[in-house]
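Structure first, then comments.
The values are calculated or read from the model by the stated rules, or taken from the named source; none is laboratory data. Treat the numbers as computed from the prediction; the structure is a model and nothing was measured. Here Cβ is always computed from backbone atoms with ideal geometry, including for glycine, and neighbour counts include all displayed protein chains.
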């Protein structure tokens with residue numbers, strides 16, 4: 001609902017009666033009046049100056065006089081530098097608040113009849129989910145909810161990398177050093193257990209490599225291959241992959257395990273299935289803690305061969321070309337990109353081939369109109385190429401493809417490295433922010449009298465709210481540093497700060513007798529801070545639409561913070577429960593209730609729960 005439609009209609013009548021100009025409400029541009037000027041809303045007049053051959057000042061004066069005389073919702077007008085600022089009547093503010101409170105789906109758009117698939121998480125089965133995954137998951141999940149609020153039927157999915165040399169490294173290390181360890185026998189969460197063996201493999205390989213560098217063979221390679229002026233340490237950093245592929249004993253065993261897996265060797269396949277099942281169980285626990293779920297999943301072990309038919313079709317259509325060695329390529333130079341390989345000379349697929357086939361399968365499975373890939377900005381070029389290829393193949397959903405690209409997330413201590421075991425596990429980070437929330441709650445003592453189970457749930461809501469809000473409030477494209485202590489600050493731009501505004505509102509409603517819809521029809525003298533809150537509420541639908549259009553949950557996070565900040569000020573400066581009369585009291589309780597609803601709905605779109613007490 002456009003809550004300014006009445007004002008726009010009045011202005012349309014004004015233009016027609018005063019100037020003979022016929023126009024439509026959709027063409028009327030209204031902004032909020034800047035706080036340094038008097039007024040509530042501002043008409044932009046420059047659009048009409050040339051048409052009406054009048055100066056902005058003359059145009060504004062005539063229009064302002066007409067609105068004051070003829071509009072039931074305008075109290076005063078002022079012309080400032082080509083803009084017409086209007087001050088709205090109390091009737092406008094009451095009517096607007098009543099309209100918002102009577103709209104159960106406030107902020108949501110009607111169903112579009114279109115389907116969108118949102119891909120996020122997309123982990124590897126050789127290690128647990130980590131800090132980077134958390135940003136990915138929270139952005140993807142929030143984007144899914146925002147698109148749903150914009151009228152789309154949303155399908156959430158993940159692509160799980162469950163094959164390849166990295167997975168075989170974990171399998172081999174468990175086989176060599178695990179002594180039959182299981183999550184049940186060790187008490188270690190399944191994905192953490194498998195991740196420990198991935199780290200152990202890398203440690204074992206590093207020790208082997210360092211020892212080899214001191215052997216006659218290693219010294220001979222250095223003497224033969226070194227470049228002028230090159231340091232020995234730098235050479236062996238660059239030579240690491242060559243050593244893994246050509247000399248390493250444990251590397252050779254891992255490569256053989258991969259060949260055995262691809263050949264379907266029963267004992268290798270059984271081990272692969274067993275260890276992956278441990279990881280999936282661990283992933284599911286983390287997803288549950290984060291409050292997310294998936295409607296479907298695709299596995300690279302099943303999708304890595306997809307796309308070959310699409311390549312053959314593209315060859316037949318002249319979209320792709322084959323070299324003499326048998327490899328297949330696409331030339332995208334005319335689109336500002338390069339030439340990209342799609343099939344190797346031995347006929348095996350590459351990631352691009354797989355992604356083409358997976359996109360086609362998703363469309364065949366769900367008939368989707370749009371597809372959103374939540375993947376770090378390191379893959380920007382990959383998705384640019386993928387989308388162009390799908391467009392050239394004439395895929396019906398090609399115009400609806402979007403890469404939700406996001407920047408790297410780091411800790412105050414710096415970057416993390418999976419192979420060295422310095423990655424912060426998602427589960428550990430969740431536990432840390434909940435512990436930080438618990439520490440603050442203990443100092444404040446405000447929930448100490450509640451039952452232990454309720455305290456635990458509130459602390460979980462606060463801790464996860466802190467984590468999620470801190471991750472989402474930054475525009476996705478920007479890199480960020482996550483500080484657990486800063487995230488739970490009750491005074492900063494944080495989740496707990498917004499949650500505290502909601503909790504205050506629930507307290508006001510409880511103290512009022514639990515009713516937030518008392519009669520306030522005779523309320524007059526609407527205060528500036530009340531107008532600020534209503535104007536904020538009026539913005540909510542457009543913020544949700546823009547967040548969906550731009551795939552940017554940070555817009556909603558920042559909106560919620562500003563609304564909470566303004567409510568905290570209102571709470572401190574305006575009498576609510578002890579207002580001077582019943583109409584004022586009821587109006588302010590109703591306003592508080594609507595702010596609470598919008599805060600809660602905003603946080604729902606971010607995947608954050610609201611506690612009733614803190």
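Numerical summary
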{"item": "Residue match in the stretch 315-332 (condition: within 27 Å of the chain's Cα centre (by Cα) and either modelled with pLDDT under 95 or exposed (fewer than 15 other Cβ atoms within 10 Å of the Cβ) (or both))", "result": "no"}
{"item": "Residue in the stretch 592-612 that is modelled with the highest pLDDT, counting only those that are farther than 16 Å from residue 535 by Cβ and over 23 Å from the mean Cα position of the chain (by Cα)", "result": "593"}
{"item": "Filtered residues of the stretch 314-356 (kept if in a helix (DSSP H, G or I) and without any contact (Cβ under 8 Å) to a residue 24 or more places away in the chain)", "result": "315, 316, 333, 334"}
{"item": "Hits in the stretch 405-427 (condition: at positive phi and either part of a strand (DSSP E or B) or modelled with pLDDT of 50 or more (or both))", "result": "414"}
{"item": "Subset of the stretch 267-309 (residues that are more than 31 Å from the chain's Cα centre (by Cα) and either outside the structural domain of residue 256 (by TED's automatic domain parsing) or free of Cβ contacts under 8 Å to residues at least 60 places away in the same chain (or both))", "result": "267, 269, 270, 273, 274, 308, 309"}
{"item": "Elements of type strands (runs of 3 or more DSSP E) contained in the stretch 69-186, each with 2 or more residues being closer than 24 Å to residue 556 by Cβ and touching a residue at least 40 places away in the same chain (Cβ under 8 Å)", "result": "115-119, 153-160"}
{"item": "Some residue of the stretch 32-55 being within 31 Å of the chain's Cα centre (by Cα) and exposed (fewer than 14 other Cβ atoms within 10 Å of the Cβ)", "result": "yes"}
{"item": "Residue 506 vs. criteria in contact (Cβ under 8 Å) with a residue 60 or more places away in the chain and part of a helix (DSSP H, G or I)", "result": "yes"}
{"item": "Set 251, 264: member being in contact (Cβ under 8 Å) with a residue 12 or more places away in the chain and either surrounded by fewer than 18 Cβ atoms within 10 Å (Cβ to Cβ) or in a helix (DSSP H, G or I) (or both)", "result": "251"}
{"item": "Residue count, the stretch 48-57 (criterion: in contact with a helix residue (DSSP H, G or I) (Cβ under 9 Å, 6 or more places away or on another chain) and either on the phi > 0 side of the Ramachandran plot or not in a loop (DSSP other than H, G, I, E, B) (or both))", "result": "5"}
